[in-house]
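Just below is one structure, and these are the notes that go with it.
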Amino acid sequence: MQSIDITYLNGPDVKALALTDAEILAAVESALDAQGRGETVIEPRMHLVPESSDKGHFNVLRGYIKPLHVAGVKVVSDFVDNYKVGLPSEMALLNLFDPDTGKPLAVVDATAITDMRTGAMTALGAKHLARKNSKILGHIGARGTSYWNVRLLDSLYDFDEIRVHSRRPESREAFAARLEQDLGKPIIVTTDWESCVRGADIVVEASRLPEPTPMLKTEWIKPGAFVVPYGTMSAVELSLTDIMSKMVVDDWGQCRKGLPFGALRPHVESDRLSEQNLHAELGQIVAGKKSGRERDDETILFWHRGLSTTDIALGHAMLVKARAMGLGQTLKFA
C-alpha cells in the first residue's frame, strides 16, 4: 500500500489559526450554499447515550461537500455537568476523508469548530431572516456555543443592547465579562428569562434543561422578531409556532418526526411544525432558491440542530489555513 500521511490539528493549533469572524462565516455560508444547490450529503445525526440523556450523550455527524471534495465524520460529546470537573460541556473530534478513495486526510480538534459553526449558523440565520435594523439581542444560555452566537451576531448587527441570562449566576457573570472584554461594549446580565427576552429584536435560546420545560413564553416575543431556539431539551411553549410568519430549519431530515431531542421536538410530533408548513431550509435561502425575510413585520423562527457539512467546511478551511501557516502535525497512517 502507498504511504499515507494525515494532518493532526490539536486545540492549540486551532487557536493559533485565529480564524476571523469573516472567515468563519464565509466557510459556513459556503456549506449552506452547497446544500441549497443539492451538492451535499447530510446523514441524520446518530446518538450514543452511555447512561441517561439528562447526564450526557455523544452525537455522531456525517456528511459530504462536493465543491470542497471532502467528506467527514464528527463525534461530539455533550455532558452538562462537565463544569464541575473543569471541562467544557462539549468536546469533539472531526475526521476528514477523500470522498473518492476513503483515504483519511486529517484529524481536527473540533471543540472550537462546534462552537464556531453553531454561532455562525445563528448569525447567518439572522443575516437572511432578521430585520436589518435589529438593535437588541436577548440571549439565554452561556454554554460553549453561546459566545460565538453573540460575537458573530454582533459582528453583523453591532447591537445597541445585548442581554444575557443563564441559570447559574457565576456562569452568566463570567459570560458577560468575556463578551464585554472581546466586544468592547457593556453587556446587561439579567436574573430571569423575561427581562432578557421581552422586546428583543433577536432572541436566542441555548439553555441546558434536564427535561423539557416551557421557560420561554410566547407573549414575550416582540412582533417582527427573529427567534432561534436550539436547546437540546425544549424550553419553549407549544404556542410559539402559532405566531410565526415563517419557520426555517437547517435540515428537515434531522427535524422530522420520530427523532430524539431538540427545541421544537414537541412541535414536530404534534404537527405544529411539519414539512407542509415549513418555509425553507436555510441553505435554500442562501442559494437563492427560497425567500428570506420579505417584510419588517414578519416574525420568523429558525431552528438549527447542527449540520455535519458546516463542521466539515470549517474544518477544511482550518486545514487549508494551517498548511499555509505551517501549523499542525503530520502523522503516519500507512
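The values are calculated or read from the model by the stated rules, or taken from the named source; none is laboratory data. This is a predicted model, so every value here is computed, not measured. Positions of Cβ are backbone-derived with ideal geometry, glycine not excepted, and every protein chain shown enters the neighbour counts. Accessible surface is based on the protein model in full, side chains and every heavy atom, while ligands, DNA and RNA are left aside. Shrake-Rupley method; radii C 1.70, N 1.55, O 1.52, S 1.80 Å.
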* What is the number of the single condition among (1) among the hydroxyl-bearing types (Ser, Thr, Tyr); (2) within 21 Å of ASN59 (Cβ to Cβ); (3) surrounded by fewer than 24 Cβ atoms within 10 Å (Cβ to Cβ) that SER308 does not meet? -> (3)
* Selected residue [modelled with pLDDT of 95 or more and either hydroxyl-bearing (Ser, Thr, Tyr) or in contact with a His (Cβ under 8 Å, 6 or more places away or on another chain) (or both)] from LEU240, LEU331 -> LEU240
* Structure fact -> Reported set for segment 232-241 where residues are surrounded by 24 or more Cβ atoms within 10 Å (Cβ to Cβ) and touching a residue at least 40 places away in the same chain (Cβ under 8 Å) is THR232, LEU240
* Which ones in segment 1-12 are under 22 Å from ASP98 (Cα atoms) and either charged (D, E, K, R) or open to solvent by less than 30 Å² (accessible area, probe 1.4 Å) (or both)? -> ILE4, ASP5, ILE6, THR7, LEU9
* Asked: What pairs can you find where one residue is in segment 63-77 and under 19 Å from GLU39 (Cβ atoms) and touching a residue at least 24 places away in the same chain (Cβ under 8 Å), the other is surrounded by fewer than 22 Cβ atoms within 10 Å (Cβ to Cβ) and hydroxyl-bearing (Ser, Thr, Tyr), and their Cβ atoms are less than 8 Å apart, with a gap of 6+ or different chains?
  -> PRO67/SER30; LEU68/SER30; VAL70/TYR64; ALA71/TYR64; GLY72/TYR64
* To do: Spot the failing condition for MET91; the list is (1) without any contact (Cβ under 8 Å) to a residue 24 or more places away in the chain; (2) surrounded by 18 or more Cβ atoms within 10 Å (Cβ to Cβ); (3) farther than 26 Å from ALA322 by Cα, and only one is missed.
  => (3)
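Of these, GLY306, GLY258, which one is touching a residue at least 40 places away in the same chain (Cβ under 8 Å) and at positive phi?
Numbers: GLY258 fails: touching a residue at least 40 places away in the same chain (Cβ under 8 Å).
The match here is GLY306.
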* From GLY36, GLY56, GLY63, residue being open to solvent by less than 50 Å² (accessible area, probe 1.4 Å), touching a Pro at 6+ places or on another chain (Cβ under 9 Å), under 26 Å from LEU259 (Cα atoms) and not polar (S, T, N, Q) -> GLY56
* On the given criteria, is SER195 open to solvent by 50 Å² or more (accessible area, probe 1.4 Å), closer than 14 Å to VAL164 by Cβ and not acidic (Asp, Glu)? -> yes
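Name the residue, out of PRO186, PRO214, PRO210, that is touching a residue at least 60 places away in the same chain (Cβ under 8 Å) and either part of a loop (DSSP other than H, G, I, E, B) or in contact with a helix residue (DSSP H, G or I) (Cβ under 6 Å, 6 or more places away or on another chain) (or both). Explain how you work it out, then say what you get.
Values: PRO186 fails: touching a residue at least 60 places away in the same chain (Cβ under 8 Å); PRO214 fails: touching a residue at least 60 places away in the same chain (Cβ under 8 Å).
Answer to the check: PRO210.
Filter segment 265-282 for residues that are of a type outside the set (D, E, K, R) and either part of a loop (DSSP other than H, G, I, E, B) or open to solvent by 40 Å² or more (accessible area, probe 1.4 Å) (or both) and give the result. Reasoning before the result, please.
Of all residues in segment 265-282, those of a type outside the set (D, E, K, R) come to 266-268, 270, 273-274, 276-280, 282.
Matches in segment 265-282: PRO266, SER270, LEU273, SER274, GLN276, ASN277, LEU278, HIS279.
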* Residue in segment 133-162 that is nearest to PRO223 (Cα to Cα), counting only those that are of a type in the set (D, E, K, R) and either open to solvent by 30 Å² or more (accessible area, probe 1.4 Å) or assigned to a loop (DSSP other than H, G, I, E, B) (or both) -> LYS135
